[in-house]
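J.: Pasting in a structure now, in structure tokens, and then I'll have a few things to ask.
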Amino acid sequence: MAVSRVEAVDNSFVQGVEAAEEADLSAGRLRAEDPIGPRTRLTASRAVALFEAQVASRHLDFEARRLKGKGRSFYTIGSSGHEGNVVVGDLLRLDDPVFLHYRSGALFLRRAWRGAAHGIPSTPLWDVLLGLVASSEDPISGGRHKVFGSRPLWIPPQTSTIASHLPKSMGAAFAIERGRHLGLELKVPEDAIVGCSFGDASLGHGVAQGALGACEWASRQNLPLPILFVCEDNGLGISVRTPRGWIEGNVRRRHGFTYLQADGTSLVESYDVVSRAIEICRENRRPVFCHLKTVRLLAHAGSDVELEYRDREEIEADEARDPVLATAVLLLQRGVLSKSEILDLYESMRTRIRALSDEVVTRPRLQTAKEVMDPIAPQRTEKVERELHRTRALLESGGGEEKPRHMAVAINRVLAEHMELYPEMLLFGEDVARKGGVYHLTTGLQKRFGSGRVFNTLLDETSILGLAIGCAHLGFLPVPEIQYLAYYHNAQDQIRGEAASLSFFSRHQFTNPMVVRVASFAYQKGFGGHFHNDNSIAALTDVPGLILAVPARGEDAVGMMRTLLATARSQGRVGMFLEPIALYMKKDLHEERDGGWLDRYPDPEVAVPLGEPRLYREGRGEDLSIVTYGNGVWMGLRVARKLAEEGVGVRLLDLRWLAPLPVRAIIQEAERTGRVLVVDECRRTGGPGERIACLLLEGLSSQAFRFARVTGEDSYIPLGPAAHAVLPSEAEIDQAARVLLEEGV
């Protein structure tokens, strides 16, 4: 059982104030506008306002523990000891986007109260309490998680992030300057900066190191990045100690960085150092790392038994450095407030929060799955149609007389088409600029649209996706490229935990409109091994709300990309465009030089609706349905032609969309033919074929039908010809089809 230090910290504050020496007020009190001390810009009135936010944050932590003890609260990670971050909430402008650490409570409260003073409706005490009890009335997450966040205050919600917000913070800073360079009007002023707070333990995470490395990489190229990193360093990651000097040593010598350090328990020192940090960042447009040395009070969370890994003397030593008490003593000794005024403020805040708490526990919570899932991925087809209608009028005719071309050319052209339509669209990734990508799909686009919109990144998928998220926050329409599907797995949490989840945790108030292009799947004649022939998409199919598009041929690639971009732009959706590498340059289908896999570029009105499959028919009968996608379409059609020549009627359903999956169309195929063969080039375990099998069993539980799967093996893909041993083949598809045809229904 956890040993609570709430009472000890609470009593220590009161006793510390009572024992402190009061200032001699015979000469009168400081005026509101007077500096609270020599050589500081912090005034008396502002110090009182900051103290109030510190006290409020502390009592919210106390209340979270009290409610947890009554079974009314579900979150007890607090900000106690970190209240020095209140100065960041005071000094950043309200139009500076800020991504918050979960211990930045005082920062959030101060920013919110400043916002209220500027006409931004805000009730931060009530809002935080709603989050603690998981009420559906929580204005940012709707009871889905306790987060600090606000759309009008430019605070995107963060859950229990361990540095995963640093890459998108870097991306947002990049976007501010790129928007100014391109002459675009973004969602924030061109002199805005980005704030990003995090803990010292987070700096050890590879994601944090990647983000800082990306900032340094940009600085080496003189790319402006106006970002303020605020490291709230309490010396502990739950029970793991941060080595002395590690934070400073890790950051101080980074190229292009300004490193500043302050005692986070001292309000005056924190205020002056953070003031300087913000001025440097805003003026120089370069990364500034502000290292606030804090303490951690009340342990990591309510369930944490701190005495198991820390001595009582060490805990009490930290409690003696309580920043809220330090501010109270400062106000007392400078003659700003008396002891009775300080204690009255402290106790009145306790009473105020307790009264709100007694009411907040009566507020409703989420009850149904529909309520919980409502903001995951709103599908408003009318908005997409309006956007497609608008863009059709701007596109020139596709020109039906044009020579048929393969899919790589079609993708290059549809990207260029939309770069013309959307001045806010960016293309970036490894090698996409002058080289035009490994497979030349972006050839010529940098020359045509400039290096401001088509550019290379460093070789780090986390930074690429973080850059996309940050740019999307600020109003860009990013189209990042991940060079191979296997490389996506290095950075998948940027999609799973950040981009795709943002709508869920903000009730669709924040979104990340983007389309991520990924060179995908296998069948490259053994080239490259598993890193270049990856056939695992399970980590994508289980991300709620993520759109997954798999074009098999050029005309579909164009129609699907048009829909994806329109959906991203009109609804803020996140889409993945999985491009089968082996079909990029495919020309023929049944015979050499038949041109059966070439398409003319579609006319402007052609767009493929989300979740709409494509049906191919071979033969007049309806004997067998093949359900597949990607490379399975090309192989399946070859098998279907052979069977048709033998008098077997085959229907082949190209799913095209793996999310949203065309469920009704799949069931209808089983109903029509009674025989379904799923060709799934992914692995047998975790591949789309498993889900299709479940859908058929659920949808046709009362009907008789035959079902079979041809899938990849549960294996990595080896180098050379052995790759074909673990992938579906035409021969396997043919054999499985014949077995199904021989069996009765």
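J.: Yes or no: the stretch 328-345 includes at least one residue that is in contact (Cβ under 8 Å) with a residue 40 or more places away in the chain, loosely packed, with under 13 Cβ neighbours inside 10 Å and more than 30 Å from Ile238 (Cα to Cα).
T.: No, the stretch 328-345 has no match at all.
J.: Please enumerate the residues belonging to the stretch 668-692 that are over 32 Å from the mean Cα position of the chain (by Cα), assigned to a helix (DSSP H, G or I) and buried (at least 19 other Cβ atoms within 10 Å of the Cβ).
T.: Hits for the stretch 668-692 are Glu669, Ala670, Thr673.
J.: Looking at the stretch 535-561, which of the residues that are part of a loop (DSSP other than H, G, I, E, B) and buried (at least 24 other Cβ atoms within 10 Å of the Cβ) is farthest from the chain's Cα centre (by Cα)?
T.: Ranking the qualifying residues of the stretch 535-561, first place goes to Ala552.
J.: Can you report the number of residues in the stretch 17-36 which are surrounded by 10 or more Cβ atoms within 10 Å (Cβ to Cβ) and modelled with pLDDT of 90 or more?
T.: Qualifying residue count for the region: 6.
J.: Next question. Return the residues of the stretch 452-477 that are part of a loop (DSSP other than H, G, I, E, B) and either free of Cβ contacts under 8 Å to residues at least 60 places away in the same chain or surrounded by fewer than 24 Cβ atoms within 10 Å (Cβ to Cβ) (or both); say none if nothing qualifies.
T.: Hits for the stretch 452-477 are Gly452, Arg453, Thr457, Leu458, Leu459, Asp460, Gly475.
J.: Of the residues in the stretch 77-134, how many are of a type in the set (A, V, I, L, M, F, W, C), in contact (Cβ under 8 Å) with a residue 12 or more places away in the chain and part of a helix (DSSP H, G or I)?
T.: Of the residues in that region, 16 qualify.
J.: Still on this structure, please answer the following. Restricting attention to the stretch 150-167, and to residues there that are out of contact with any strand residue (DSSP E or B) (no Cβ under 7 Å at 6 or more places or on another chain) and closer than 20 Å to Asp460 by Cα, which single residue is surrounded by the most Cβ atoms within 10 Å (Cβ to Cβ)?
T.: Pro167
J.: With surrounded by fewer than 23 Cβ atoms within 10 Å (Cβ to Cβ), within 29 Å of Ile376 (Cβ to Cβ) and among the hydrophobic types (A, V, I, L, M, F, W, C) as the only criterion, which of Trp126, Trp113 stands out?
T.: After applying the criteria, what remains is Trp126.
J.: Can you report the number of residues in the stretch 478-522 which are aromatic (Phe, Trp, Tyr), within 18 Å of Phe577 (Cα to Cα) and not in a helix (DSSP H, G or I)?
T.: Number satisfying all stated conditions: 2.
J.: Quick one: which residue in Ala640, Ala552, Ala539 is in the same structural domain as Gly529 (by TED's automatic domain parsing) and modelled with pLDDT of 95 or more?
T.: Only one candidate passes the filter, namely Ala552.
J.: Tell me which of these Glu681 doesn't satisfy, since it passes every other one: (1) touching a Ser or Thr at 6+ places or on another chain (Cβ under 8 Å); (2) without any contact (Cβ under 8 Å) to a residue 12 or more places away in the chain.
T.: (2)
J.: Within the stretch 365-387, does at least one residue satisfy the condition of being outside any helix (DSSP H, G or I), surrounded by fewer than 20 Cβ atoms within 10 Å (Cβ to Cβ), over 35 Å from the mean Cα position of the chain (by Cα) and of a type in the set (S, T, N, Q)?
T.: No, the stretch 365-387 has no match at all.
J.: Can you work out which of the residues in the stretch 478-490 that are crowded, with 21+ Cβ neighbours inside 10 Å and not hydroxyl-bearing (Ser, Thr, Tyr) is nearest to Leu184 (Cα to Cα)?
T.: Step by step, filter the stretch 478-490, then rank; the result is Pro478.
J.: Let me ask something additional. Consider Tyr309 carefully, then state whether it is among the aromatic types (Phe, Trp, Tyr), assigned by TED's automatic domain parsing to the domain that holds Ser239 and at pLDDT 95 or above.
T.: no
J.: May I pose another question? All but one of (1) part of a helix (DSSP H, G or I); (2) modelled with pLDDT under 95 hold for Val14; state the number of the condition that does not hold.
T.: (2)
J.: Can you pull out the residues in the stretch 693-713 that are surrounded by fewer than 16 Cβ atoms within 10 Å (Cβ to Cβ), in contact (Cβ under 8 Å) with a residue 24 or more places away in the chain and of a type in the set (D, E, K, R)?
T.: Of everything in the stretch 693-713, just one residue is surrounded by fewer than 16 Cβ atoms within 10 Å (Cβ to Cβ), in contact (Cβ under 8 Å) with a residue 24 or more places away in the chain and of a type in the set (D, E, K, R), namely Glu713.
J.: Condition first: of a type in the set (Lys, Arg) and touching a helix residue (DSSP H, G or I) at 6+ places or on another chain (Cβ under 8 Å). Now tell me which residues in the stretch 556-608 satisfy that.
T.: Arg562, Arg569, Arg573, Lys586, Arg600
J.: Right, next: Report yes if Met349 is closer than 25 Å to Gly179 by Cα, modelled with pLDDT of 95 or more and either not in a loop (DSSP other than H, G, I, E, B) or not assigned by TED's automatic domain parsing to the domain that holds Ala499 (or both), otherwise no.
T.: no
J.: On the given criteria, is Gly195 buried (at least 24 other Cβ atoms within 10 Å of the Cβ), among the small types (Gly, Ala, Ser) and closer than 30 Å to Glu308 by Cβ?
T.: no
J.: Checking Leu332 against (1) within 27 Å of the chain's Cα centre (by Cα); (2) under 30 Å from Pro35 (Cα atoms), which single condition isn't satisfied?
T.: Among (1) within 27 Å of the chain's Cα centre (by Cα); (2) under 30 Å from Pro35 (Cα atoms), Leu332 violates only (1).
The values are calculated or read from the model by the stated rules, or taken from the named source; none is laboratory data. What you are looking at is a predicted structure, and each value in this text was computed from that prediction instead of being measured. Counting neighbours? That spans all protein chains shown, and the Cβs are built from the backbone with ideal geometry, glycine included.
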